[in-house]
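Participant: I have a structure I would like to understand better, so I am pasting it below and will then ask my questions one at a time.
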Amino acid sequence: MIQAKGYAAQDAETDLAPWDFERREVGPHDVQIEIQYCGVCHSDLHQIKNDWFPGIFPMVPGHEIVGRIVKVGDHVKKFKVDELAGVGCMVDSCQVCENCKDGLEQYCLEGNVQTYNGRGKDGVPTYGGYSNTIVVREEFVLHISDKLSLAATAPLLCAGITTYSPLRHWKVGKGHKLAVLGLGGLGHMGVKFGVAFGAEVTVLSTSASKAEAAKALGAHHFVVTSDPAQLKAVKGSFDFILDTVSAEHDMNMYLSLLRTNGTHICVGVPPAYSIHPFSLLGGRKSVAGSGIGGIPETQEMLDFCAEHNIVSDIEMIDIKDIQTAYDRMVKGDVRYRFVIDIATL
Ligand SMILES: [Zn+2]
Ligand SMILES: [Zn+2]
């Protein structure tokens, strides 16, 4: 076994703390990565706290992983030692179902294996990127360009692909008016991709203080949703709303901002949605959801980012400051993603 060290939650009530554990040996189809940076996703905190389902403890969170390859199995074809590599939210899937064959492993009919807080096909719990090393089968490892800041690339593996995938699926681009709801880790990537794809991008926010930041990211317009006059001015105007908000919010109000045939795309995870049928019927509107992205599309997104010089805006932290980072993340006090410098482990 490979000796690994990381930060783990021993249960849902305890803060993260250093923890030594074991990873499997590098098998013939495996890649071992020495982790250099790991992004901090809001879902890390939800999972540690058992917000969605009872977790598997001890839990080493982290699914925005980048680093350098230190070992490859005998049958690995696509990767070499010393190359940069990344791992996102999944580390395995059945590989044979309809969705896996279509490159939609995130929707694997058998269920994909999550990078942490899951169990591998061998039944062993998976441990994430708040650690110094990880072993992953080749099919779930991504190539990372050396042209971009490596630390700022980490959040692309979850926040990036989660916003890139729906914008591509609905072919959002030139001639479209796109509203991005929420300006956090996901939202700021949604703005960057929307702009890069040629859409006219508006940030919708409850807080006027984010106007400058939205413009700095490339957004064309900014609307304070608590201001009735500003809201009225954009009624019935958007082709798409990319909704990244994970707190409860008034879906009917936002649906009223869509034009006829508009689509409201949910990528956040609020506790519930409450939608009046007339909000959909009046204007033939759709509410849709999208979860991360498949492996081929994640690679496509990373290549697109390298070509167009797109990374996440990050704040680097020492791993010992992770609890403070969580506290700030809950308050929305981060621009826009914390990334752990794993060298501080
Ligand atoms: Zn995530
Ligand atoms: Zn499958």
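Participant: Counting pairs on different chains as well as pairs 8 or more places apart, how many Lys pairs in the stretch 160-289 have Cα atoms under 26 Å apart?
Facilitator: Eligible lysine pairs with Cα atoms under 26 Å apart amount to 27.
Participant: Another question about this same structure. I need the peptides 215-222, 276-283, 160-167 ranked by packing, meaning the mean over residues of other C-beta atoms within 10 angstrom, with the highest value on top. Spell out each step's value before the answer.
Facilitator: On the way: 215-222: 17.9, 276-283: 12.8, 160-167: 27.6.
So the order, starting with the most tightly packed, is 160-167, 215-222, 276-283.
Participant: A further question on this structure: Among 175, 103, 291, which one shows the biggest mean-square fluctuation in a GNM of the chain, springs joining Cα atoms closer than 10 Å?
Facilitator: Comparing 175, 103, 291 in a Gaussian network model of the chain, the most mobile one is 175.
Participant: Compute the distribution of all C-alpha to C-alpha distances in the stretch 1-78, in bins of 5 Å from 0, and list the percent of pairs in each, rounded to whole numbers.
Facilitator: Histogramming the stretch 1-78 at 5 Å steps yields 3, 14, 19, 21, 18, 13, 8, 3, 0 percent.
Participant: Which loop GluC sites (Glu not before Pro) in the stretch 187-265, with loop taken from DSSP, have no more than 14 other Cβ atoms within 10 angstrom of their Cβ? It would help to have the intermediate numbers written out before the result.
Facilitator: Values: sites: 200, 212, 248; in loops: 248.
Taking the stretch 187-265 and a limit of 14 other Cβ atoms within 10 Å, the loop GluC sites (Glu not before Pro) found are 248.
Participant: Also: I want the local charge near residue 61. Using Cβ-Cβ distances under 12 Å, sum +1 for each Lys or Arg and -1 for each Asp or Glu among the other residues. Intermediate values should be presented prior to the final figure.
Facilitator: Values: positive: 49; negative: 44, 64.
Local net charge: -1.
Participant: Top mean-square fluctuation among 181, 302, 104, Gaussian network model of the chain, C-alpha springs under 10 Å?
Facilitator: 104
Participant: Note down the relative contact order for the stretch 196-282 as a percent, whole number, built from C-alpha pairs under 8 angstrom at least six residues apart.
Facilitator: Working: 114 pairs, mean separation 20.1, N = 87.
Taking the mean separation of contacting Cα pairs over the length of the stretch 196-282, I get 23 percent.
Participant: Can you bin the stretch 74-223 into rounded, prolate or oblate? Criterion: square roots of the alpha carbon gyration tensor eigenvalues sorted a ≥ b ≥ c, rounded for a/c under 1.5, prolate for a/b above b/c, oblate for the rest. Each step should come with its number before you reach the end.
Facilitator: On the way: a/c = 2.15, a/b = 1.85, b/c = 1.16.
Verdict is prolate for the stretch 74-223.
Participant: According to the square roots a ≥ b ≥ c of the eigenvalues of the Cα gyration tensor, what is the shape class of the stretch 160-289, taking rounded for a/c under 1.5, prolate for a/b larger than b/c otherwise, and oblate for the remainder?
Facilitator: Working: a/c = 1.32, a/b = 1.18, b/c = 1.12.
Since a/c stays below 1.5, the shape of the stretch 160-289 is classed as rounded.
Participant: To continue, here is another question. If eta is 0.692 mPa s and T is 37 °C, what Stokes-Einstein diffusion coefficient results for the chain, Kirkwood Rh from Cα pairs, in µm²/s?
Facilitator: Values: Rh = 20.5 Å.
D = 160 µm²/s.
Participant: If all Cα-Cα distances of the stretch 210-345 are sorted into 5 Å bins from 0 onward, what percent lands in each bin, rounded to whole numbers?
Facilitator: Percent of pairs per bin, in order: 2, 8, 12, 15, 19, 17, 14, 7, 3, 2, 0.
Participant: Moving on. Would you mind ranking 133, 260 so that the residue whose beta carbon has the fewest other beta carbons within 10 Å leads the list? Walk me through the intermediate numbers first.
Facilitator: Values: 133 19, 260 10.
Ordered by Cβ neighbours within 10 Å, fewest first: 260, 133.
Participant: Still on this structure: For 7, 116, what's the fewest-to-most ordering of other Cβ within 10 Å of each Cβ? Present the calculation step by step, with values, prior to reporting the outcome.
Facilitator: Working: 7 24, 116 27.
By the 10 Å Cβ count, ascending, the order reads 7, 116.
Participant: Next question. Note down the net charge around residue 37, summing +1 for each Lys or Arg and -1 for each Asp or Glu among other residues with Cβ under 9 Å from its Cβ.
Facilitator: Working: positive: none; negative: 64, 341.
For residues surrounding residue 37, the net value is -2.
Participant: Run the quick spin-label model on residue 14 and residue 343: label points 7 Å from Cα toward the beta carbon, then report their separation in nm to one decimal.
Facilitator: For the pair residue 14/residue 343, the computed spacing is 3.0 nm.
Participant: Ok, one more. Using Cα atoms only, what is the angle between the long axis of helix 295-308 and the major principal axis of the chain, expressed in degrees (0 to 90) to the nearest 10?
Facilitator: Once rounded, the angle reads 70 degrees.
Participant: Along Cα→Cβ, 7 Å out, is where each label goes; now give me the distance between the ones at residue 327 and residue 208 in nm to one decimal.
Facilitator: 3.0 nm
Participant: Among DSSP bridges having both ends in the chain, what percentage is antiparallel? Round to the nearest 5. Don't skip to the answer; put the middle values down first.
Facilitator: Numbers: 34 of 61 bridges.
So the antiparallel bridges amount to about 55 percent of the total.
Participant: Calculate the translational D of the stretch 61-130 in whole µm² s⁻¹ from Stokes-Einstein, where the hydrodynamic radius comes from the Kirkwood formula applied to all Cα pairs, the temperature is 25 °C and the viscosity 0.890 mPa s.
Facilitator: It diffuses with D of about 186 µm²/s by this estimate.
Participant: Quickly estimate the mean residue ellipticity at 222 nm for the chain, helices only: each DSSP H run with n ≥ 4 gives -39500 (n - 2.57), and the total goes over all residues, rounded to 500. Walk me through the numbers on the way to the answer.
Facilitator: Numbers: 11 runs with 83 residues, N = 345.
For the chain, the value works out to -6500 deg cm²/dmol.
No value in this document is a laboratory result; all are computed from the given coordinates. The structure displayed is predicted, hence computed values, not measured ones. Every residue, glycine as well, gets a Cβ built from its backbone with ideal geometry; the counts of neighbours run over all protein chains shown.
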